[in-house]
Amino acid sequence: MIRNKLLILFLILFSFSHSWANPKIDLRSGILIDYHSGKILYEENADHQIYPASMTKIMTAIIAFDLLKDEKIKLSDEVLISENAWRMSRSGYSSMFIMLNDKVTIEELLRGIIIVSGNDACVALAEGIAGTESAFADMMNDKAAEIGLENTNFSNASGINDPDNYSTVRDIAIMSKYLINNYPVYYEYFKEKEFTWDRTGGDPITQGNRNPLLYKNIGADGIKTGYLAVEKYSLASSVVGKDRRLIAVGSGFQTKQARSTDSMKLISWGFRNTATYEIAKKDETNFNFKTWLGKKDIVQGIVKEDVYLTIPKKSVKDLKVFIKYKEPIKAPIKKDQEIGTLIVESSEEEEEAREITVYASENVKKVNFFKSLFMSFNYMIWGDA
């Protein structure tokens, strides 16, 4: 009565081999990922330890965004500027140019950090949230562990040179994806092209966003540049186009110009050579399953995660997407009961098949005894479940 069945959804004739030629990028380490599928499209020394410089400020912003989401702080809250923070603005570092003993709102400090890369704003925000920059760095490291940054340690909020402040381009890509995914409202700050700080005791200062890709009309919407003499130029960038988003992180660019042109080259290569497809959406009804002895003939199945597939555009090998389940599914059926498996399978040896559990989206009660008897008798005669 119950039989195994493979429900073939569709067959895509694409190759999944990495037969394309990687772009020639002059950097020490880099990575390019598809935001939705998480597929790594390019990597070069992705786990090599780097000094993240001002890309550190991504995590500084994340800590503040967490507290804002939890309503533990407000954008309008004011921070009293300490001498430590003020001195950062007079030490030759990139600065928002805050003034000693001034009161600056959390929102102004965040703009000063994200848009103009102000190290002084980082110290002020860290002290305002945690009391000391050291205590704030502990919060950063706790968050790094929470989101799976395996080769990262933060010792300060700004990314100034310190051997104990290190990361990898892979970890920064993970951190960037986390930022974009979890704080869509606050992430809007990262695409603002300038910030005017109407400081106390001086004329307003307008500074532009240091991310060069924001000015290139390529769909860039963030996220953060960096520079240290020991590391040279770096950039974590996000570009949206053709219903997808790519995240690139590069470190060790020799010049500002190379940082801009090679980052664009890498991202353009990703869009040009690969495509991303939506296979299934979380908690949306996607699949119908026949039931047995149920008050409904069909139970609808859902997945509990978004399923995307990124593949090369110029391909040959078969890639199959199908549902595997036992048909029909015997009632009673409970909501969220496992009823099948969505399988994404490639013939390429380097690509492992993905298996995603499919769950019942609703309860299906069993028919009463007499109808159950009738349906069983009908099946024995006609073989129709």
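Nothing in this text is a laboratory measurement; each read-out follows from the coordinates by a stated rule. Keep in mind that what you see is a predicted model, and the values were worked out from it rather than measured. Don't worry about glycine lacking a Cβ; one is built from the backbone with ideal geometry, like all the others, and counts go over all protein chains shown.
Taking Lys and Arg as +1 and Asp and Glu as -1, the other residues whose beta-carbon sits under 15 Å from that of residue 157 total -4. Neighbours of residue 365, meaning other residues whose beta-carbon lies under 11 angstrom from its beta-carbon, give a summed charge of +3 when Lys and Arg score +1 and Asp and Glu score -1. Helix 169-182 and the longest principal axis of the C-alpha atoms of the chain enclose an angle of approximately 70°. If Lys and Arg each add +1 and Asp and Glu each add -1, what is the summed charge of the other residues whose beta carbon sits under 12 Å from the beta carbon of residue 117? Spelling it out: positives minus negatives among the neighbours equals +3. Our helix-only sum for the chain, with -39,500 (n - 2.57) per DSSP H run of n ≥ 4 divided by its residues, gives a mean residue ellipticity at 222 nm of -8000 deg cm²/dmol.
Close amide-amide hydrogen proximity is noted between residue 330 and 292, each under 5 Å apart and 5 or more residues distant or on a separate chain (H modeled in the peptide plane; Pro and chain starts excluded). Cα centroids of the range 291-312 and the range 134-174: 39 Å apart. The trypsin sites (Lys or Arg not before Pro) of the range 230-266 that meet both conditions, a loop assignment by DSSP and at most 16 other Cβ atoms within 10 Å of the site Cβ, are 242. Put a dot 7 Å past the Cα of residue 363, heading toward its Cβ, do the same for residue 48, and the two dots end up 5.9 nm apart. Once the Cα-Cα distance is subtracted from the 0.36 nm per residue extended length, the residue 26 to residue 341 segment shows a gain of 109.1 nm.
Order by neighbour count: 158, 95, 82, fewest other Cβ atoms within 10 Å first, most last. List each step's numbers first, then the result.
Details: 158 25, 95 22, 82 17.
The most exposed by this proxy come first: 82, 95, 158.
Under a 5 Å amide H cut-off, with hydrogens placed 1.01 Å from N, residue 42 pairs with 32 among residues at least 5 apart or on other chains. Which pairs in the list 224/265; 103/191; 290/335; 295/324; 281/365; 304/365 are over 19 Å apart, alpha-carbon to alpha-carbon? Over 19 Å apart, Cα to Cα: 103/191; 295/324; 281/365; 304/365. Relative to the longest principal Cα axis of the chain, at what angle does helix 369-382 sit, 0 to 90 degrees, rounded to 10? With rounding to tens, the tilt is 70 degrees. Between the residues 342, 31, 289, the greatest Cα displacement towards the positive end of the dipole of the chain, with unit charges on the Cβ of Lys, Arg, Asp and Glu, is found for 289. Our summary gives the range 29-253 a relative contact order of 26 percent, counting only alpha carbon pairs under 8 angstrom and 6 or more residues apart. Give the Rg/Rh ratio for the range 62-205, taking Rg as the radius of gyration of the Cα atoms and Rh as the Kirkwood radius, to two decimals. Dividing the radius of gyration by the Kirkwood radius yields 0.95. The distance linking the range 190-262 with the range 88-121 is 17 Å (Cα centroid to Cα centroid, whole angstrom). Remark: the range 228-238, residue by residue, has Karplus-estimated 3J(HN,Hα) of 9, 4, 6, 10, 6, 8, 9, 7, 9, 9, 10 Hz, where x stands for each Gly or Pro and the curve is 6.51 cos²θ - 1.76 cosθ + 1.60 at θ = phi - 60°. Backbone phi angles across the range 74-87, fed through the Karplus curve with coefficients 6.51, -1.76 and 1.60 (θ = phi - 60°), yield HN-Hα couplings of 10, 4, 7, 4, 9, 10, 7, 6, 8, 5, 4, 5, 4, 5 Hz in residue order; Gly and Pro are listed as x.
Between the labelled values (1) 5, 20, 24, 19, 14, 10, 5, 2, 1, 0; (2) 4, 21, 32, 27, 12, 3, 0; (3) 5, 23, 32, 24, 12, 3, 0, 0, the entry that holds P(r) over Cα pairs in 10 Å bins from 0, in percent as derived from this structure is (1). At full extension, residue 305 and residue 261 could sit 12.3 nm farther apart than now, given 0.36 nm per residue minus the alpha carbon distance. The H on the amide N of residue 358, modeled in the peptide plane, is under 5 Å from the matching H of 339, 340, 341, 342, each at least 5 residues off or on a different chain. Listed values for the range 151-163 are Karplus-derived 3J(HN,Hα) couplings in whole Hz (6.51 cos²θ - 1.76 cosθ + 1.60, θ = phi - 60°), namely 10, 10, 9, 10, 10, 8, 8, 9, x, 4, 4, 7, x, and x replaces Gly and Pro. Rounded to the nearest 10 degrees, the inclination of helix 256-273 to the longest alpha-carbon principal axis of the chain is 10 degrees.
Magnitude of the Cβ-charge dipole of the chain, K/R +1 and D/E -1, about the Cα centre, nearest 20 debye? Can you show the working numbers first?
Details: 49 positive and 52 negative charges, 352 e Å.
Here the size comes out at about 1680 debye.
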